[in-house]
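Below is one structure, written out as structure tokens, with a few remarks after it.
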Amino acid sequence: MSMEQALEKIKTAGLAGIIFTDHQDINTPSGDKRFMFDPAIQQQKIDQMKEQYDIPILKGIEIGLQPHTIEDAAAFVNGYRFDTIIASVHFVDGIDPYHDHYYDIRDIKMAYGRYLETIYYCITKFANFDVLGHYDYITRYAPYRERVILYSRFKDILDQILTFLAREGKALEINTNTYREKNGATPYLDVNVLKRFKEVGGEIVTLGSDAHDSWRIGEKFVQYSEIIKDCGFRYIAHFQNREAQFTSI
């Protein structure tokens with residue numbers, strides 16, 4: 001997806017603006033460098049687009065965290081200016097849950113639980129972020145019939161994550177890319193997680209389409225905005241210059 005394609009899509013989708021949050025996964029288990037980028041080149045492209053399009057175009061990063069890369073990740077994000085920093089976890093114990101062998105030695109509780117434990121460890125060690133990205137990412141690729149992170153099943157570790165985010169003024173992202181059919185099943189959001197975030201003092205919720213393809217920009221935003229509202233939140237947020245900007249639902 002080119003920036004030009006993305007900008008054309010947001011005009012037809014009726015969105016007010018767009019933020020590019022490219023991946024930066026340092027030291028991936030496979031050594032794959034496709035999920036790394038040069039922020040200077042990103043900024044140059046965005047500056048060019050701003051001259052052509054009269055819409056807000058923001059720059060961000062999705063920094064992938066692993067316990068052993070936290071110092072390197074911190075050094076990287078400290079070297080640049082972003083509008084938003086999304087912290088996410090894509091690898092667990094040196095394995096990408098995209099691949100089947102992650103689940104070979106784990107039942108559902110261990111597979112999902114270990115992922116959540118890794119998230120909690122990483123976000124409590126890595127301070128410089130605004131948004132926790134796709135906390136239920138692992139359900140996209142899981143082979144189980146239960147393609148959801150249920151609050152009732154993982155309440156202890158979820159409470160730790162949600163309480164930390166609320167206390168630190170961080171945002172919880174609802175990532176609509178997760179809730180698409182994959183491998184013959186559709187993961188879904190347990191709204192009890194959102195409700196619990198509200199109960200423990202969470203105030204900032206963001207929506208991300210994690211599009212990767214221009215035609216999916218803003219996908220299901222109307223549907224999930226209503227879900228967020230039904231869970232007690234009056235606003236959704238985005239970040240500009242690392243400050244939360246709120247939009248009424």
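The values are calculated or read from the model by the stated rules, or taken from the named source; none is laboratory data. No experiment lies behind these values; they were computed from the predicted model shown. Cβ atoms come from the backbone with ideal geometry, glycine included; neighbour counts cover every protein chain shown.
Tabulated results
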{"read-out": "Subset of the stretch 18-60 that is β-branched (Val, Ile, Thr) and modelled with pLDDT under 95 - its residue that is nearest to the chain's Cα centre (by Cα)", "value": "Thr21"}
{"read-out": "Yes/no for Gly201 being surrounded by fewer than 15 Cβ atoms within 10 Å (Cβ to Cβ), of a type in the set (Gly, Ala, Ser), assigned to a loop (DSSP other than H, G, I, E, B) and out of contact with any Pro (no Cβ under 8 Å at 6 or more places or on another chain)", "value": "yes"}
{"read-out": "Unique residue being under 30 Å from Asn183 (Cβ atoms) and out of contact with any Cys (no Cβ under 7 Å at 6 or more places or on another chain) when the list is Ile108, Ile55, Ile46", "value": "Ile108"}
{"read-out": "In the stretch 75-114, residue surrounded by the most Cβ atoms within 10 Å (Cβ to Cβ) [restricted to those that are outside any helix (DSSP H, G or I) and in contact with an Asp or Glu (Cβ under 7 Å, 6 or more places away or on another chain)]", "value": "Ile86"}
{"read-out": "Residue count, the stretch 135-186 (criterion: of a type in the set (Lys, Arg) and either modelled with pLDDT of 95 or more or farther than 21 Å from Gly64 by Cβ (or both))", "value": "6"}
{"read-out": "Those residues of the stretch 171-186 which are buried (at least 21 other Cβ atoms within 10 Å of the Cβ) and either closer than 17 Å to Leu116 by Cα or among the hydrophobic types (A, V, I, L, M, F, W, C) (or both), in sequence order", "value": "Ala171, Leu172, Glu173, Ile174, Asn175, Thr178"}
{"read-out": "Pairs where the first residue, in the stretch 23-42, is among the polar types (S, T, N, Q) and the second is assigned to a helix (DSSP H, G or I), C-beta under 6 Å, 6+ apart", "value": "Asn27/Thr69"}
{"read-out": "Any hit, the stretch 134-142, residues being more than 21 Å from His238 (Cβ to Cβ), out of contact with any Lys or Arg (no Cβ under 9 Å at 6 or more places or on another chain) and surrounded by fewer than 19 Cβ atoms within 10 Å (Cβ to Cβ)", "value": "no"}
{"read-out": "Unmet requirement for Val222, which otherwise passes all of (1) closer than 23 Å to Cys122 by Cβ; (2) at pLDDT below 95; (3) in a helix (DSSP H, G or I)", "value": "(1)"}
